[in-house]
Every structure is written in C-alpha cells, then in structure tokens.
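The values are calculated or read from the model by the stated rules, or taken from the named source; none is laboratory data. The structure displayed is predicted, hence computed values, not measured ones. We place every Cβ from the backbone using ideal geometry, glycine too, and count neighbours over all the protein chains shown.
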2 protein chains.
Amino acid sequence: MVEKRQPIPVAEAVHRVMDYAFQAKKEHVPLTQAHGRFLAQAIRADHDVPAFDRSPYDGYAIRSVDSKEASSQHPVRFQVVGEIGAGYVFEDVVGDHQAVRIMTGAPIPQGCDAVVMLELTHTFEENHQKYMSIKRPFEAGSNISYRGEDIQKGTVLIEQGQTINPGVMALLATFGYEQVPVYRKAVIGVIATGSELLEPGESLQPGKIRNSNAYMIMAQIERAGAEVKYFGKFSDDLALCIDHVEKALQEVDILITTGGVSVGDYDYLPAIYEAIDAKVLFNKIAMRPGSVTTVAARNGKLLFGLSGNPSACYVGFELFVRPIIRSAYGHSQPHLRREQAILGADFTKPNPFTRFVRARIDYEKGKLVTVPSGFDKSSAVSSLATANAFIVLPGGSRGYEKGMQVDVLLLEDLQGSEWPWDNIEKSYR
Amino acid sequence: MVEKRQPIPVAEAVHRVMDYAFQAKKEHVPLTQAHGRFLAQAIRADHDVPAFDRSPYDGYAIRSVDSKEASSQHPVRFQVVGEIGAGYVFEDVVGDHQAVRIMTGAPIPQGCDAVVMLELTHTFEENHQKYMSIKRPFEAGSNISYRGEDIQKGTVLIEQGQTINPGVMALLATFGYEQVPVYRKAVIGVIATGSELLEPGESLQPGKIRNSNAYMIMAQIERAGAEVKYFGKFSDDLALCIDHVEKALQEVDILITTGGVSVGDYDYLPAIYEAIDAKVLFNKIAMRPGSVTTVAARNGKLLFGLSGNPSACYVGFELFVRPIIRSAYGHSQPHLRREQAILGADFTKPNPFTRFVRARIDYEKGKLVTVPSGFDKSSAVSSLATANAFIVLPGGSRGYEKGMQVDVLLLEDLQGSEWPWDNIEKSYR
C-alpha cells in the first residue's frame, strides 16, 4: 500500500539523527598506523621543545663576553677545547677565551651563551693546539635555540577528535607516543536493495543497472573515517530480508540500505522496520535530491534507508551519516563545512524544496567560486565524480543567477562545522 | 671538511628533480579496494546511462495521446494491463487507453511515452479488472528519464591519473570495473640519520631528541599516495651506512634520508653519495626553511637528503618528493596547488630567500585568508600540525603586512597544479 509521507526540514532531520550520537570506543594503535585516524585524547606536551638550549647551526659555542673586542683589525682568538655532535653533551664548563666546536642540534655547553657560525670563523693550529678566531663581537643569546621556544611543557597541542595528519604524527613521535590512543573505527554495514541491480562483474541485461551505490557508499564511509562491512544484496523474500537485517545489526554500529525506499508497492523497508521493532525517525525530507531518505532506530542503533538514486544516496550519506560517524570520534565539528561562494553559472531550475546541487568549488583570485558539476537529477551518477561541494539553494526560488552569493558545503574538507544549518533553509526560517 | 655549497632557485631545483620523473607500473585491484588510488586508465562510457528509457517515479506508464482530453470534469480512464518493478521488462506493447503500473527505475513499456505519478491517479476495479483515471493531460516525454541523458556512450568521464573518490567509484561500478586499473603505489624508503635520535618509545636523555621526522614523512608519503618502507636509523659507521643505502635502494623507487645533512664535519651523506656513485643534483636551495636539502640520483633513482629540522624536512618533502610521486601516477598536476590569499596577520621577518611559512588557510565570506600556523623556525614542530598551506614569501623583502595578497600552496588539496613556480620567486625573475 502507498504510505502517506510528511516531509520535514533538513535541519530537523539532522537533529533527529544526531539525537542518536554515540561515542566510539578507544583503542591504541602503533604510531606507524596512526595517520588518518582520530585522536582519542588531547596531546599535551610533557616536556619543553627543545628540551635544552641548543645550537641551530654548525659552529663554535663561546662566552659572548670574550668576543666583545673582536674586529677585522683585531680578531679575537679562542682555544678550541672540544667538540660536540648532536646527541652528545659537553661535560666540562667552558672558560675564558675557550670555544667548543658544536654541531647543529647539540646542546650549548655550560658557560657558553652564544654560537658563532662556522662560516664566520677562521681555524688554525699552534703547538698541536687548535684555535679559532672571529672578527666581530657576538651578543649573549646569538644563535641559540632556547629550551621551550617551540613548545612549552604543559601546552595542549591538539584536541581530541582531531585527524592525525603528518604534522600531528611529528608531535606524537616527539612526545613519545609509541602507541597512539585513537577512536576505534565505527563499523558501517551496507546492504544494497533492488531487483534491478547487477554487480559490477555481471553483464548488462535489459531493464537492469549495475549496483553503483554500494561501492560509492563504501568510499564515502572510508572518507568519513569508518570501516565498511558489505552484506551484499537483499533477497526478494521478506522473511529472509528481516533475518538479514537482524543479523547485520549485530555486527555493525550503523546499518545503511540503499535503494528500494521509493514510494511504491514493492518496498520492503517499512515492513522490515516494523518487523524488527525499529522506530522510524522520519521517512521524507523537504529536500532535493534525497527526499525519500528514511532513518530508523532500534536499540540505539541507526538504520539509514538511503535512496537508490545515486545522487540522492550520495547527498543523504554526507548530510546524515557523515556527522554521526565524525561525532563518534569526539569531533566537535562533525558536519560538512559551510562556506560562501560566488555562483559561477546560472541555475535556472525552479526550486520548491532546498536543493543540494553537486558542484565543483574553485578559486578565482582568492575567491571561492562554484559551478554545478554536471547533470542535476536525483538519478545522476556523472556529476558525482568531479563534485567536491554541494551548492545549497533554499527552496521557494525561481532560480539563481551567475554572480550571486550562495552557501556551499565542502566535501573534501577535514575541518567540518559545528552546525551548518542555521538560516540555510530559508523557506523554514 | 666544510664543503662550499651554491644555492639554486627553488624552481630550478624542482626542474632538476622532475627530470627524473618516472611512471609507476600498472596493476588491477578489486573495486572494493580502489578508493584513494590513482586511475591508470581513463574511464570511457561503454554504454549509455541510463541504458534505456526509464521511469523516475512510481506511477503509471501511458500513451500521452490518450490523456489529451483529461480534465477534472472529465477524467480519462485507463485499463491497467500489467505492472513492472525495477529490473523487469514489460513484454507486450501497450495499446489504446491502456496503462502499466511502473516502479521507479523500470523501463518504459513499448508504446508508452509518458509516466503519470502515482499521487495524480485514482485507481479502482470494475468486473475484476483494474483501472486508473487521471484528471489532466500529459505531454509526450513527461516523467521519462531518457536513455543517455546522464552519460552518453563513448564519453571519456575521468582521465587517467585522477584520484578515485566516491563518485568515481560509482562510475567504475556502473561501467563494470570489477577490477580497476590503477598505478602500483610507488615505494618510498625512509632512513633516519642522526646520533641525537631516540625512537618514540625511548625515554628522553640529555642532548637527545625523539625521531619525529621519520614518522612525519611516513604520513606525508601516505598522503601523497605512496607506500612507506622504513629502514630505521643509520649506524655511526660509514661503511655500514653505505651498505645500508645500497640495500635499501634495491627495494624502493625513491630513498629519503632525513637529518645529518647540515654543513658539518659529521655529515656522512656526501661520502655515501660518492661511494655509491650517485650524482648530486643540488645540495643547497635558495629557500627557508630547507636550504640544505640535497638530492642525488643513481641509476635513475632519486635519493632525497632532507633536513633533520622538522619544518625544513616537511617543506622539502612537499616541494620535491610529492610531485615526483604524483607524476608517477600519470597526474598532469603533480605539484602543490597554488592560489592567492589575503594575509591575515603581519609577517615582519626580513627575508633574504624565498620563504615557505607553514600556515592555515581559512575562508572569510568566500575569500581565502591565511595566517602562519605557529612558531616559524626551521626546527619548529608545533606549527606543522595545524598547517594546511604554505605562504610563499619571495625573498628580498623586509616583511609583509596584514591585508596584503600572497601566494599560497595548498597541502590538503587533491587537484594540485601543473607548475606553480612561474613568477613566484620574485628575486629570480
């Protein structure tokens, strides 16, 4: 039977989903495997960096006071009393007109307060004793990298929930994280539905299409930082489907089905939700594409029924599934990042509902410019490959002209936003 | 002995490195593992999408000519002669005032040229025969997704060398790529050098620092799309080091050493290059940080001697190693993407050489704005974690003021640029 569906605003739909936000468990992974994961704990400096005063150059460590009278006419000479490479410590105290040959990174010897770069010294020997001379004075503190000048002990460097990028890796190594506390990846199950679906390895048949959504979503799941569990396709038998969903739910944190949720006689999803006693949070959203996105919850676990249309499915994932994954990793900005951009082309379609146009963001002389990335139908697959943003066009307009300012949601951004939905659906303000 | 080094411009250094550009071998990976890899072959549509005229909605397929007279006063009735779900084909030809119940995605039956959405129909039975009626006419073509409207057979959809993102995954699935031709990941070896280095698991000791560069570079290698092979630390024995490098070179496409390349007595690298008969392409660059970056080549393989200073090492990797990796994957834009941004804070340091300031890019009302991400010394580690760009400040200036327009190189961008170096080092123009 045909079900009557009441569309709700996007922001309301996101709210209802985020009511089921959960926190992923924590685990430790070796540092070599931490790149790209999400920190489960803030990184706090447990020592100063540098941990000791050190030399930024190869040269000679001296007492600056001894250099006071140096000039080209009257070079001052120093007795070279030793040398230290990086990693070693000069054990003696350096005295009057003495110098220590010092390498980049080595600690400043006791008594010294300046380093003279190698290029500015002249070295020689007398009676089997090494000397060096300089032709100008150096002030106290010259060429010294002071303890703590980069990072002071106790500083919180990175908050929990942040992505581990190459720079964060350097911090983790610096502060001794051989094992890194990260959030365990959320496990997202994917089931494809639809009797029209062929797998990529199958030949085309009349009336059938290849299953593109499952593979697309797998990559979206990975991009969001979670782990995929693909359960294949639903059978045509309702009892088997119910069993399938029950079993899948045991193994995942979130279950996504794609396809078969259009308003039609053949749709099993409502029956499945009922059979497993899942509460439907909504089954229609005032947006294009993706209006027939359904989300249900059972024992705190979310079931996303995304559209079978590729563009609708893609949008549904990014708006509703991505933030619930990111927030599981302690991220305070789990939603797509919202920015403003100049529309680079006319968009003339009238727009009863809020529309998310798959688009390409570019820069022109430092300004964000955006153009639709291709064919704009819910069923389109071509426009997804080059999309790195959604243009958000509020409902109730007759179209948008090139040069207008529009809101965009960025797809390849690591920063995200806390809540991009204020004042974005103008028709619902 | 101290070696005299002649600095060369950055663009010249990049040119010398790119002379050794190579192409990675190709391999096939299962579609489920293709996300994030680089396409080794363009994707060309081998069929139209949709492959047949199909219905975008649930409803009834009709011959539009039969609906001509329909109005609210005079509904037109159609005999329902069958139904088709997605994936099935209606085998008969639909005749005069006949209709077929059709589901989203199902092919339009022969004879029909319009679809009426379910909501606009009234259904009833008479003498065990199903009927539906409509109250307005539908034009030929109404609610039909035409064959090829999304993608036409023969179109090149994605060029080789592009990253496989979720949208590309959808295309690969659509066109039957159960196995995907991708470039084999380049294997990049990493050797840390420096007697001052402790591993992350070791306790701090006087004069020593933890090895942060190797782990940072591992993540940079992964971010660039290549595979890491970590060979640990060099020993202090020159003969052993030479042997170490010789063996490592057998197993990698590119070898990176980090540390130990400052101008100093303890530096083994020049001796190693000589011993293995590697040609030094350059050993000093007119830039900060990273001026002592050395690159050598042996039998067509590049050896990068990056600085031991974290910021210098990081910059050296992104400017010189990243493009050689990306170009190995057939990418026509292997270099960091260059854009313009507004400087969000003063930068007062005088600048004899081109400077790459680790920075954070942000948007303000659709404009790119950038500020340095922290402590700006070659040895800094703190400023890398939040950096997503380099501000490029040409040499020969006394400083830059907030509000000025500057060039930036983007670090987390997937698009890259073909050659960002034209007119960027103003002192060398």
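At a glance:
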read-out: Qualifying residue in segment B:123-139 (condition: more than 9 Å from chain A (Cβ to nearest Cβ) and touching a Pro at 6+ places or on another chain (Cβ under 6 Å)); value: yes
read-out: Total residues in segment A:73-121, condition in contact (Cβ under 8 Å) with a residue 40 or more places away in the chain and over 23 Å from A:Lys135 (Cα atoms); value: 3
read-out: The lone exception for A:Val115 - which of (1) among the hydrophobic types (A, V, I, L, M, F, W, C); (2) away from chain B (no Cβ under 12 Å); (3) surrounded by fewer than 24 Cβ atoms within 10 Å (Cβ to Cβ) it fails; value: (3)
read-out: Subset tally (residues that are surrounded by fewer than 20 Cβ atoms within 10 Å (Cβ to Cβ), at the interface with chain B (Cβ under 9 Å from one of its Cβ atoms) and modelled with pLDDT of 95 or more) for segment A:71-112; value: 1
read-out: Boolean, B:Ala380 is assigned to a loop (DSSP other than H, G, I, E, B) and touching a residue at least 24 places away in the same chain (Cβ under 8 Å); value: yes
read-out: Residue list for segment B:191-230, filter: surrounded by fewer than 21 Cβ atoms within 10 Å (Cβ to Cβ) and either touching a His at 6+ places or on another chain (Cβ under 6 Å) or within 18 Å of A:Ile108 (Cα to Cα) (or both); value: B:Ser195, B:Leu204, B:Gln205, B:Pro206, B:Gly207, B:Glu222
read-out: Any chance A:Arg54 is at pLDDT 95 or above and within 30 Å of A:Val168 (Cβ to Cβ); value: yes
read-out: Residue within segment B:146-162 that is away from chain A (no Cβ under 12 Å) and outside any loop (DSSP other than H, G, I, E, B) present; value: no
read-out: Selection within segment B:189-212 - within 30 Å of B:Gln415 (Cα to Cα) and more than 7 Å from chain A (Cβ to nearest Cβ); value: B:Gly189, B:Val190, B:Ile191
read-out: Test: residue in segment A:33-43 that is polar (S, T, N, Q), within 29 Å of A:Arg298 (Cα to Cα) and out of contact with any Pro (no Cβ under 9 Å at 6 or more places or on another chain); value: no
read-out: Filtered residue count, segment A:1-59, keeping only those that are over 30 Å from A:Glu119 (Cβ atoms), within 28 Å of the chain's Cα centre (by Cα) and within 11 Å of chain B (Cβ to nearest Cβ); value: 13
read-out: Among (1) of a type outside the set (Ser, Thr, Tyr); (2) in contact with a Leu (Cβ under 8 Å, 6 or more places away or on another chain); (3) farther than 23 Å from B:Glu178 by Cα; (4) surrounded by 23 or more Cβ atoms within 10 Å (Cβ to Cβ), the one test that A:Pro289 misses; value: (2)
read-out: Options B:Ile342, B:Ile361; residue that is more than 20 Å from B:Arg398 (Cα to Cα) and outside the structural domain of B:Ala312 (by TED's automatic domain parsing); value: B:Ile361
read-out: Whichever residue in segment B:318-337 is surrounded by fewer than 21 Cβ atoms within 10 Å (Cβ to Cβ) and out of contact with any helix residue (DSSP H, G or I) (no Cβ under 9 Å at 6 or more places or on another chain) and, among such residues, is farthest from B:Gly396 (Cα to Cα); value: B:Gly330
read-out: Positions within segment A:323-354 being at pLDDT 95 or above, more than 9 Å from chain B (Cβ to nearest Cβ), outside any loop (DSSP other than H, G, I, E, B) and under 29 Å from A:Arg16 (Cβ atoms), in sequence order; value: A:Pro323, A:Ile324, A:Ile325, A:Arg326, A:Ser327, A:Ala328, A:His335, A:Arg338
read-out: Within segment A:127-144, tally of residues that are out of contact with any Gly (no Cβ under 9 Å at 6 or more places or on another chain) and surrounded by 15 or more Cβ atoms within 10 Å (Cβ to Cβ); value: 10
read-out: When residues of segment B:171-185 are limited to those that are surrounded by fewer than 24 Cβ atoms within 10 Å (Cβ to Cβ) and among the hydrophobic types (A, V, I, L, M, F, W, C), the one farthest from the other protein chains (Cβ to nearest Cβ); value: B:Val182
read-out: A:Glu412 being under 22 Å from B:Pro166 (Cβ atoms) and surrounded by fewer than 22 Cβ atoms within 10 Å (Cβ to Cβ); value: yes
read-out: Conditions (1) touching a residue at least 12 places away in the same chain (Cβ under 8 Å); (2) of a type outside the set (Val, Ile, Thr); (3) assigned by TED's automatic domain parsing to the domain that holds A:Ser417; number of the one not met by A:Glu318; value: (3)
read-out: So B:Val315, is it away from chain A (no Cβ under 11 Å), crowded, with 24+ Cβ neighbours inside 10 Å and within 23 Å of B:Val190 (Cα to Cα); value: yes
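Let's see how each residue does on (1) in contact (Cβ under 8 Å) with a residue 12 or more places away in the chain; (2) under 28 Å from the mean Cα position of the chain (by Cα):
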site: B:Glu125; (1), (2): no, no
site: B:His128; (1), (2): no, no
site: B:Pro137; (1), (2): yes, no
site: B:Glu159; (1), (2): yes, yes
site: B:Gly167; (1), (2): no, yes
site: B:Ser203; (1), (2): no, no
site: B:Ser212; (1), (2): yes, yes
